[in-house]
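The structure under discussion appears below in the form of structure tokens.
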Amino acid sequence: MTSHRQFVFEWGRFPERLDRFLAECLPEMTRSQIKRLIDEGQVRIDAGPAKPGEKLKGGETVLVTIPAPACSELHPEAISLSILYEDADLIVIDKPAGMVVHPAPGHPGGTLVNALLHHCGDLAGIGGELRPGIVHRLDKDTSGVLVATKNDAAHHALAVQFKKHTVKRRYLALLQGVPPATEGIVDQPIGRHPTERKRMAVVSKAGRRAVTRWKVLAGFEKERLALAALQLETGRTHQIRVHLASLGFPVIGDPVYGHKGWLRQLAEPRLRRLLLDLGRQALHAGTLGFTHPGSGRYLEFSSPPPEDMMAILRHLWDTYDYDPCRLTRLCGAAGTGEGSIGTCN
């Protein structure tokens, strides 16, 4: 539905550009969205047309027309979702491995966005289009917790949190090899691989700063495998996978950055079969925490690794006679098979 907003630039204020004044009056909108409204003639000053850089001097009445969100060109699809939390502003999903987040060449449908378009009947629009707002992504074959927004205000607020690196993101990964140290930090820039454009790499030139904290939770020396927790301070494409590969301990099953032929070195047939059945990188986004854009409350969500990863971990735990309760603690809600939420005021 089209809405109309009216604002008065009071007498006595220091002169200010129209677009900056509207950014203050409409915090739920980005500067580019405000500029588009002005360019499209949706903003008028004292009944006359407006320009983005126009100066307000005092006493002006600004009328803004906000068109109803346009229908998305994306198609809703009835795809089952594991929903950890939902309200009028956002929805938190436990994404399964194998699901692409957003339609792209080669994946026109069957994505999380298609599923959300079908599920969410209260989308208010993102950037003038009726679609869910994707503020971060998980690789197709990475499972775990992901948040999407339903309106511009929530999308903008969460995007700011991700940009300022205040969002908590904790991952679990099975590694090829056992690092000699128990924990560390990788602070290496990531950019496109210089010769293989579909790959990312640690690059000194044209790379963007990327920081990953890692900690070994359990080592399996005989099999030369390890379970690690990883905390992202930045969010670059393939960041965890690239950083771990740069250390020489890539994620198990990673088809792009992993060691080739390493499974043949495993003598134990049951473990080799479990790893072959995995068929993807053993990486799970286990915890996501952020400040709710509406209520201001801190929310934290967790989900256990999917069954294919848990089967491998249970096998290794039994082999080494580790405490099964510790595995449950390390993997969050692994004992229940359900996601969980914690809140703090």
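Just so it is clear, none of the values below were taken in a lab; they were calculated from the coordinates. Computed from a predicted model, the values in this text were never measured in an experiment. Cβ atoms come from the backbone with ideal geometry, glycine included; neighbour counts cover every protein chain shown.
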Dipole of the chain, positive direction: furthest Cα of LEU266, ALA206, VAL256, with charges on the beta-carbon: ALA206
Please sort 108-117, 184-193, 254-263 by packing, taking for each peptide the average over its residues of neighbouring beta carbons within 10 angstrom, highest first. 108-117, 184-193, 254-263
Rounded, prolate or oblate (a/c below 1.5 giving rounded, otherwise prolate when a/b exceeds b/c) for segment 185-337 by Cα gyration tensor: oblate
Which aspartates and glutamates have a Cα less than 16 Å from the Cα of LYS55, not counting those fewer than 8 places away in the same chain? GLU10, GLU16, ASP19, GLU24, ASP39, ASP46
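How high is the relative contact order of segment 3-66, in percent, counting Cα pairs under 8 Å that sit 6 or more residues apart? Walk me through the numbers on the way to the answer.
Values: 101 pairs, mean separation 34.1, N = 64.
Averaging sequence separation for qualifying contacts and normalising by length gives 53 percent for segment 3-66.
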C-alpha center-to-center spacing [segment 240-266, segment 48-115] in angstrom: 36 Å
Among LEU313, LEU158, LEU271, which one moves the most in a GNM of the chain with springs linking Cα atoms closer than 10 Å? LEU271
Among [x] 218; [y] 169; [z] 158, only one was calculated for this model; which label is it, if the read-out is volume of the Cα convex hull per residue in Å³? [y]
Using +1 on the beta carbon of Lys and Arg, -1 on that of Asp and Glu, and nothing else charged, what's the dipole of the chain about the Cα centre, debye to 20? 1280 debye
Listed by chain and number, the residues whose amide H is under 5 Å from that of LEU217, excluding neighbours fewer than 5 places away on the same chain and using placed H, are LEU227, ALA228, ALA229
Euclidean distance of C-alpha centroids, segment 139-159 and segment 273-329, integer Å: 20 Å
Non-local amide H neighbours of GLU60 (under 5 Å, H modeled in plane, Pro and chain starts lacking H): which ones? PHE9
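Could you work out the relative contact order of the chain, using alpha carbon pairs under 8 angstrom and six or more residues apart, expressed as a whole percent?
That works out to 13 percent.
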Sequence-distant or interchain residues sharing an amide H contact under 5 Å with THR234, placed H: which? VAL211
Backbone HN-Hα couplings from phi across segment 73-89 [Karplus 6.51/-1.76/1.60, Hz, Gly and Pro as x]: 7, 6, 9, x, 9, 7, 10, 5, 10, 9, 9, 8, 6, 7, 8, 6, 9
Tell me, what ³J(HN,Hα) does each residue in segment 266-273 have, in order and in whole Hz, if you take phi through Karplus 6.51 cos²θ - 1.76 cosθ + 1.60 with θ = phi - 60° and put x for Gly and Pro? 7, 7, 7, x, 5, 5, 4, 5
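Taking a threshold of 32 Å on the Cα-Cα distance, which of the pairs LYS35/LYS150; LYS164/LYS205; LYS95/LYS215; LYS140/LYS215; LYS163/LYS222 fall above it? Write out the running numbers ahead of the final one.
Numbers: LYS35/LYS150 22 Å; LYS164/LYS205 23 Å; LYS95/LYS215 24 Å; LYS140/LYS215 24 Å; LYS163/LYS222 41 Å.
Over 32 Å Cα-Cα: LYS163/LYS222.
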Determine ³J(HN,Hα), in whole Hz, for all residues of segment 237-251 in sequence, where each value follows from phi through the Karplus function 6.51 cos²θ - 1.76 cosθ + 1.60 and θ = phi - 60°; x replaces Gly and Pro. 4, 6, 4, 4, 5, 5, 5, 5, 4, 5, 7, x, 10, x, 5
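Got the relative contact order for segment 70-163 handy, in percent, Cα pairs under 8 Å and 6 or more residues apart?
Details: 178 pairs, mean separation 30.2, N = 94.
Relative CO of segment 70-163 lands at 32 percent.
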